[in-house]
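The values are calculated or read from the model by the stated rules, or taken from the named source; none is laboratory data. For clarity, every value in this text was computed on a predicted model and none was experimentally measured. Note that we place each Cβ from the backbone using ideal geometry, even for glycine, and neighbour counts take in every protein chain shown.
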Amino acid sequence: MSIEVELGTTVADFATVVAGLLDDLDYGQVALLADRKQLDLVADLLQVQSRLVGVVHTVLGTVDRSEAAMTAHGVPTVSWLASELRYTRGQASAMLHHANDLHRFTQIGDALRDGVASDRQAQAVTQVLKKLPTDLGVEAEAMAQSTMVGHCEEFNSHELAGLSRYLLEVVAPEVAEEAEAKRQERELRDAQQARHLNFADDGHGSTSIKGSLPTADAALIKAQIEALAQQMHRTALELRDSGV
């Protein structure tokens, strides 16, 4: 089958062509391909899948911002997705959030539609970008996006999700230093508020100890206990007491 698609094809025409191609697919040829060709085919199809997801979310975002569902049916886009297309409201809400994130971070949306990033990677990257300070500025945010797109060739979605602190250090090191200091202050404050130490006598000659302390306080107590233990050990050796 020979299909010609003109430059500037509308999304509606594209959807019609793709639907027609799917209807005519011949799966019997897959088993006849060499092993490497089969693997290449899976990789190509997964990339196409991600690119199509990018198209879907781009269109969905446009539809939501234009309030088409409200105009046509008198309901928000989430309700339309749930009632007409049988998504759960949670799934529909997640789709819209993702669509809005891709609209906000244009380089990530482009990377997804161009096949540079998978959908899972795009989701991870947008979550990282949303954690950045809101006052970074346009240039720093653009740099953050391009940096994360570059890392999509190297890292999977889980690894990308862990690059928040690293990314801030790259695009705004002075902000990263301040943010790190605030993070440490916040962690210390939380640790101090949550600190507790409980002693429970089991009635059979033993006492259970359970608690939570800030790291610095715990280090002090640990050092004191270790010093006491060493002293008990030396005394035991001097007295040849095998019970200690």
Suppose we keep only residues that are of a type in the set (Asp, Glu) and out of contact with any Leu (no Cβ under 9 Å at 6 or more places or on another chain) within region 16-65. Which one would you say is surrounded by the most Cβ atoms within 10 Å (Cβ to Cβ)? ASP44
Specify the residue that is farthest from the chain's Cα centre (by Cα); the eligible residues are those in region 116-152 that are at pLDDT 95 or above and assigned to a loop (DSSP other than H, G, I, E, B). VAL116
Test: LEU160 is assigned by TED's automatic domain parsing to the domain that holds VAL56, in contact (Cβ under 8 Å) with a residue 40 or more places away in the chain and either in contact with a helix residue (DSSP H, G or I) (Cβ under 7 Å, 6 or more places away or on another chain) or small (Gly, Ala, Ser) (or both): no
Residue that is assigned by TED's automatic domain parsing to the domain that holds ASP44 and surrounded by 14 or more Cβ atoms within 10 Å (Cβ to Cβ), where the choices are ALA72, ALA68, ALA99: ALA99
Of these, ALA92, ALA68, which one is more than 30 Å from ALA144 (Cβ to Cβ) and aliphatic (A, V, I, L, M)? ALA68
Looking at (1) surrounded by fewer than 12 Cβ atoms within 10 Å (Cβ to Cβ); (2) modelled with pLDDT under 85; (3) under 30 Å from THR106 (Cβ atoms), which one does SER242 not meet, given that it meets all the others? (3)
Per the filter on region 102-115, residues in a helix (DSSP H, G or I), of a type outside the set (S, T, N, Q) and surrounded by fewer than 21 Cβ atoms within 10 Å (Cβ to Cβ) are HIS103, ARG104, ASP110, ARG113
Among the numbered criteria (1) out of contact with any Lys or Arg (no Cβ under 6 Å at 6 or more places or on another chain); (2) more than 30 Å from ASP119 (Cα to Cα); (3) surrounded by 11 or more Cβ atoms within 10 Å (Cβ to Cβ); (4) at pLDDT 85 or above, which one does ALA191 miss? (4)
Mind checking whether some residue in region 32-45 is assigned to a helix (DSSP H, G or I), more than 30 Å from ALA92 (Cβ to Cβ) and among the polar types (S, T, N, Q)? yes
